[in-house]
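Heads up: the structure comes next, in structure tokens.
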Amino acid sequence: MRGFKEEIENNILPYWMDKMVDSENGGFFGRIDGNNVLHRYANKGVVMHARILWTFSAAYRVLRRDAYRQIAERAYCYLRDYFLDKQYGGVYWELDFRGHPVNRKKQTYAQGFALYAFSEYYRATGYPEALDYAKKQFYQIERCKDDELGGYREAFTEDWQPIADMRLSAKDENEAKTMNTHLHILEPYTNLLRVWMDEDLMKAQADLITLFLERIYSEATGHLQLFFDETWQVKGEAQSFGHDIEAVWLLLEAAKVLGDPDLLEKVKAVVIHIGRAAVEGILPDNSLAYERNNGHWDRERHWWVQAEAVVGFSYLGRLLDDLSYTEKAKNIWSYIKSNLIDKERGEWYWSRLENAKVNDKEDKAGFWKCPYHNGRMCLEMIENFRMI
């Protein structure tokens, strides 16, 4: 596999640098729609800004271009100055285009991405303040923990009180605990452990990995279960192929960085089964379907699912010394190059629909469409697989 450095340096990152910088109001514009039209007055989401910070910090750390550091610094300052809640702690969910909070709820998922971003900025620059903010995010997330039954509650009000609507998005179930939020606490905890081997953090990460092995992973199906009530009773039957394959490599990295050899062996045994379950979603054109819910298939080819599949199957191929998984990664990368990269206007399409048409109803850049999944795919393949 080749072309990852060219893709991130000549397509993904330039798109965000050239089209999304909000020079008037700070930070980055909130949206470019699926027809490549800029909405300069769109609200600004914390997840998008945190993911921009992570991506450009990681790009600077790996590729050492000063232009990436400058964008990372811009994202860092905006996240710090506008999204951080100076009164109650944590980060707000959403601002208007001028930077005023319009949704002050505290989504645990968003707290994780802020931690991920601050810790990566520290890794890239060594700036001590960024590590301090990452640590504060860790302590805040730990206050979201269910000390009795384990895991992390989904969402809170501005001042960290229970909230009725805990959903991450309209597509999600309104449940107390979700696989998705736990996965995106796991990944920032891994990143923070790379620079801060704190005992409390190590214990929290060990507990979280164990939670995936014992609660979230289904031994019966091999898939991750998605939604749970407060007592960890499973809600619904949806299976997310993209999250399955993303979890394969995030769990491996989490256990490896933690450094517990016994736990790492348990993770290796489980991710093999999760990987095999993810293979069920591979379609005849070598792409990966979105999900299956109670027998109903959603065969839309989302950009993030394909990006995570390239990384996840590459990790499985290396773990098992099995070229069949590496070949799956290679085939999905070929699919991406032929079907998801917008060669005319830049970046990637949100998805291809089941009928293979480009989905132009969803954003090219926005609240959920960021340079994180596809940018991270490129950086992972460059840094950890030496595939330029």
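Could you compute how much accessible surface Arg65 exposes when probed at 1.4 Å, giving the result in Å² to the nearest 10?
Here the accessible area works out near 100 Å².
Treat each spin label as a single point 7 Å out from the Cα along the C-beta direction, and report the Glu129 to Gln87 distance in nm.
Calculated label separation equals 2.3 nm.
How do Asp198, Asp342, Asp147 stack up against each other in accessible area, from largest to smallest, with a 1.4 angstrom probe? The partial results should precede the final answer.
Numbers: Asp198 35, Asp342 5, Asp147 140 Å².
Solvent-accessible surface, decreasing: Asp147, Asp198, Asp342.
So what does Leu263 come to for accessible area, using a 1.4 Å probe and Å² rounded to 10?
Surface accessible to solvent at Leu263 totals approximately 20 Å².
With each pseudo-label sitting 7 Å past Cα toward Cβ, what's the Thr157-Tyr139 distance in nm, one decimal?
Once both label points are built, they end up 2.4 nm from each other.
Quick one: net charge of Thr190's neighbours, Cβ under 12 Å, K/R +1, D/E -1? Working shown, then result.
On the way: positive: Arg123, Arg194, Lys256; negative: Glu120, Glu187, Glu253.
With Lys, Arg at +1 and Asp, Glu at -1, the neighbours total 0.
Compute the relative contact order of the range 289-388 as a whole-number percentage, counting only Cα pairs closer than 8 Å that sit 6 or more residues apart in sequence. Don't jump to the answer; show the numbers that get you there.
Numbers: 110 pairs, mean separation 25.4, N = 100.
Normalised by residue count, the contact order of the range 289-388 is 25 percent.
Out of residues 5 or more away from Lys106 or on other chains, whose amide H comes under 5 Å of its own, with H placed 1.01 Å from N in the peptide plane?
Residues meeting the criterion, in which the H sits 1.01 Å from N, are Phe156, Thr157, Glu158.
From the backbone phi of the range 3-11, what are the Karplus-calculated ³J(HN,Hα) couplings (6.51 cos²θ - 1.76 cosθ + 1.60, θ = phi - 60°) in whole Hz, Gly and Pro given as x?
x, 6, 5, 4, 5, 6, 7, 9, 10
If amide hydrogens are placed 1.01 Å from N in the peptide plane, which non-local residues have theirs closer than 5 Å to the one on Lys364?
Residues meeting the criterion, in which the H sits 1.01 Å from N, are Ile32, Asp33, Gly34, Asn36.
Under a 5 Å amide H to amide H cut-off, with H placed in plane at 1.01 Å, what residues pair with Trp348 once short-range neighbours are removed?
Excluding prolines and chain starts, which carry no amide H, the hits are Asp342.
Averaging sequence separations of C-alpha pairs under 8 Å and six or more residues apart, then dividing by the length of the range 258-344, give the relative contact order as a whole percent. Could the numbers behind the result be given before it?
Values: 74 pairs, mean separation 19.3, N = 87.
Across the range 258-344, relative contact order equals 22 percent.
Given a 1.4 Å probe and every protein chain left where it sits, what share in percent of the accessible area of the chain is carbon and sulfur?
44 percent
How would His39, His243, His296 line up by accessible area, probe 1.4 Å, largest first?
On the way: His39 60, His243 30, His296 125 Å².
So the residues, ranked largest to smallest area, are His296, His39, His243.
Can you compute 3J(HN,Hα) from phi for each residue in the range 249-260, using the Karplus curve 6.51 cos²θ - 1.76 cosθ + 1.60 with θ = phi - 60°, rounded to whole Hz and x for Gly and Pro?
These are the phi-based 3J(HN,Hα) values: 7, 5, 5, 4, 5, 4, 5, 5, 5, 4, x, 9 Hz.
Just read off the accessible area of Ser314 with the full protein assembly in place, 1.4 Å probe, to the nearest 10 Å².
The accessible area of Ser314 comes to roughly 10 Å².
In debye to the nearest 20, how big a dipole does the range 1-60 give about its Cα centre with +1 on each Lys and Arg Cβ and -1 on each Asp and Glu Cβ? Write down the numbers at each step before the final one.
Working: 7 positive and 7 negative charges, 33 e Å.
With Lys and Arg at +1 and Asp and Glu at -1, about 160 debye.
Based on the mean of other Cβ atoms within 10 Å per residue, sort peptides 381-388, 160-167, 171-178, 96-103 so the most packed one is first. List each step's numbers first, then the result.
Working: 381-388: 15.9, 160-167: 12.4, 171-178: 17.9, 96-103: 14.2.
By packing density, highest mean first, the sequence is 171-178, 381-388, 96-103, 160-167.
Taking the Cα centre of the chain as origin, work out the dipole magnitude from +1 charges on Lys and Arg Cβ and -1 charges on Asp and Glu Cβ, in debye rounded to 20.
On the way: 51 positive and 61 negative charges, 231 e Å.
Magnitude of the dipole: close to 1100 debye.
With all protein chains present and a 1.4 Å probe, how do Lys19, Lys136 order by accessible area, largest first?
So the residues, ranked largest to smallest area, are Lys136, Lys19.
Give me the net charge of Ala72's neighbourhood, meaning all other residues with Cβ under 10 Å from the Cβ of Ala72; Lys, Arg count +1, Asp, Glu -1. Spell out each step's value before the answer.
Values: positive: Arg61, Arg69, Arg74; negative: Glu73, Glu120.
Residues close to Ala72 contribute a combined charge of +1.
Solvent-accessible area per residue for the chain at a 1.4 Å probe radius, Å²? Spell out each step's value before the answer.
Numbers: 15520 Å² over 388 residues.
Per residue, the chain has an accessible area of 40 Å².
Rounded to the nearest angstrom and ordered from largest down, what semi-axes does the equivalent ellipsoid of the range 267-378 get from its C-alpha gyration tensor (root of 5λ)?
24, 16, 13
Stretch Trp196-Ala170 to full length: gain in nm at 0.36 nm per residue minus the Cα-Cα span?
Details: separation 26, 0.36 × 26 = 9.36 nm, distance 3.56 nm.
Gain on extension, Trp196 to Ala170, equals 5.8 nm.
Provide, as a two-decimal number, the C-alpha radius of gyration of the chain over 2.2 N^0.38 Å, N being how many residues it has. The partial results should precede the final answer.
Working: Rg = 19.4 Å, N = 388, 2.2 N^0.38 = 21.2 Å.
Working it through for the chain, the quotient is 0.91.
When the Karplus curve 6.51 cos²θ - 1.76 cosθ + 1.60 is applied with θ = phi - 60°, which whole-Hz ³J(HN,Hα) does each residue of the range 52-64 get, with x for Gly and Pro?
In residue order, the calculated couplings are 4, 4, 4, 4, 6, 5, 5, 4, 5, 4, 8, 9, 6 Hz.
The values are calculated or read from the model by the stated rules, or taken from the named source; none is laboratory data. These numbers come from a predicted model, not from an experiment. Backbone-built Cβ (ideal geometry, glycine too); neighbour counts: all protein chains shown. These accessible areas exclude ligands, DNA and RNA; they are computed on the full protein's heavy atoms, side chains included. Shrake-Rupley method; radii C 1.70, N 1.55, O 1.52, S 1.80 Å.
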